[in-house]
Amino acid sequence: MGTTPGVADIDMKLEVVVIPVSDVARAEEFYGRLGWRSDQTPPGSGVVQLTPHGSACSVHFGTNLTTAAPGSARSFLIVPDIEQVHDALVAAGVQVSDVFHLGPDGPVKGPDPDRGTYRSRAEFADPDGNTWVLQEITNRLPGRVDPGATAFNSATDLATAMRRASQAHGEHEKRIGGADPDWPDWYAAYMVAEASGAPLPQ
C-alpha cells in the first residue's frame, strides 16, 4: 500500500468512537455499570463521553452525533484475562456470552486450550444491541505496536504482564540451570517484546 510522503510520520491517535444509541440516559447507566470513567464534556453539548479502564480511546453518544442506526455498532475490547473479565461482567449484572475460542471449523465453547493470543473471546451488548467483543490478547502480532513506544495503560495490565514474565522466567532459569542475577533485564526485555510482537527472549 502506498503512503503519501510525510503522512506516515504524523501522529494520529484514535481518540473517540461514536456509539449510536436511542436513549442516552439508559446507555450512560449501562456503561457506568461497566466502570467506564465519565469524562467532562462541554456544557450544553449533549455529548456523553466514557472511557474504559486502561483505554486510551473513549466512546461518545448523545443527540445528533451520528446517522447510524442504534445497535449497529460492533467493536472490540482487549482484555488480558478473558475468564476474569467474563466473571466480573456477570457479577455486574451484564448479560455476556460464554467464553469461546476460534477453532478450525468455527467458534468452540471455552477459552483456547493453549490460551493462544487473539483466540479467546466473549461478547456482550448494550441495551440498544451495540455489540462488544472481548478479545484476550497477551502477545501482539509482529508490527502491531511500536517497540519504542511500548507502554502499559493500567496497573492491571502491568501486573498481568509481570505474572506472565514471571512464569516464562521460571522456564528460563530451568534452561540455564540456576538463578538469573540479571532477572530485571530479562523481565523488561520479555515484557516489551510480548507487548510489541517481537521475538520473546529464551
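Coordinate-derived values only; no laboratory data. Note that this is a predicted model, so its numbers are computed, not measured. Cβ: placed from backbone, ideal geometry, glycine included. Neighbour counts: every protein chain shown.
For the pair ASN64 and LEU141, what calculated FRET efficiency results from E = 1/(1 + (r/R0)^6), where r is the Cβ-Cβ distance and R0 = 41 Å, to the nearest 0.05? Spell out each step's value before the answer.
Working: r = 38 Å, r/R0 = 0.93.
Rounded to the nearest 0.05, the efficiency is 0.60.
In a shell of Cβ-Cβ distance under 14 Å around ASP126, excluding ASP126 itself, what net charge do Lys and Arg (+1) and Asp and Glu (-1) give?
-2
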Exercise. Give me the distance in nm between label points sitting 7 Å out from Cα along the Cα-to-Cβ direction at TYR118 and ASP98, one decimal.
Key: 2.6 nm
Quiz item: Quick one: ARG164, ARG74, ARG175, fewest Cβ neighbours within 10 Å first, how do they rank?
Solution: ARG175, ARG74, ARG164
Quiz item: Once both labels are modelled 7 Å past Cα along the beta-carbon direction, what's the MET12-ALA155 spacing in nm?
Solution: 3.6 nm
Quiz item: So what is the orientation-averaged projected area of the stretch 147-196, using the convex hull of its C-alpha atoms, in nm²?
Solution: 3.5 nm²
Practice problem: Fewest Cβ neighbours within 10 Å first, please rank TRP132, TRP36 accordingly. | Solution: TRP36, TRP132
Exercise. Inverting the mean 1/r over all pairs of different Cα atoms, compute the Kirkwood radius of the chain and quote it in Å.
Key: 19.4 Å
Quiz item: Counting pairs of alpha carbon atoms under 8 Å apart in space and at least six apart in sequence, what relative contact order in percent does the stretch 1-64 give?
Solution: 35 percent
Exercise. Mind checking which of SER58, PRO127, ALA155 is farthest towards the positive end of the chain's charge dipole, using Cβ charges of +1 (Lys, Arg) and -1 (Asp, Glu) about the Cα centre?
Key: PRO127
Quiz item: Based on Cβ point charges of +1 for Lys and Arg and -1 for Asp and Glu, what charge dipole magnitude is obtained for the chain about its Cα centre, in debye rounded to the nearest 20?
Solution: 160 debye
Self-check item: Quarter of the Cα convex hull surface for the stretch 1-118, i.e. its orientation-mean projected area (nm²)
Solution: 11.2 nm²
